[in-house]
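The values are calculated or read from the model by the stated rules, or taken from the named source; none is laboratory data. Remember, predicted model here, so these are calculated numbers, not experimental data. Cβ: placed from backbone, ideal geometry, glycine included. Neighbour counts: every protein chain shown. Accessible surface is based on the protein model in full, side chains and every heavy atom, while ligands, DNA and RNA are left aside. Shrake-Rupley method; radii C 1.70, N 1.55, O 1.52, S 1.80 Å.
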Amino acid sequence: MTIDEMRSLDAEKTYKELIWERSEVLRLTTANLQLREGIEELKKRINQLETENDAMRADLLLWENGGPLP
């Protein structure tokens, strides 16, 4: 095998590795974005549950103090 053939094979191998690495970066970027979206949805759900919990506590305090029930 000549030096030029070896260089060509090495360049081809390097190119294939670069393409694979690029696809891996794109895959991880997509996964990262999906996780961020999931986190935002969870934050919204937590806020909703906290609001509902506050309302239930207020109702309980009214009930414990003889106030009206809905």
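Which residues, counting only those in the range 29-45, are open to solvent by less than 90 Å² (accessible area, probe 1.4 Å) and among the hydrophobic types (A, V, I, L, M, F, W, C)?
Residues satisfying the conditions are 31, 39.
Based on this model, can you work out whether residue 66 counts as surrounded by 10 or more Cβ atoms within 10 Å (Cβ to Cβ) and either small (Gly, Ala, Ser) or in a loop (DSSP other than H, G, I, E, B) (or both)?
No.
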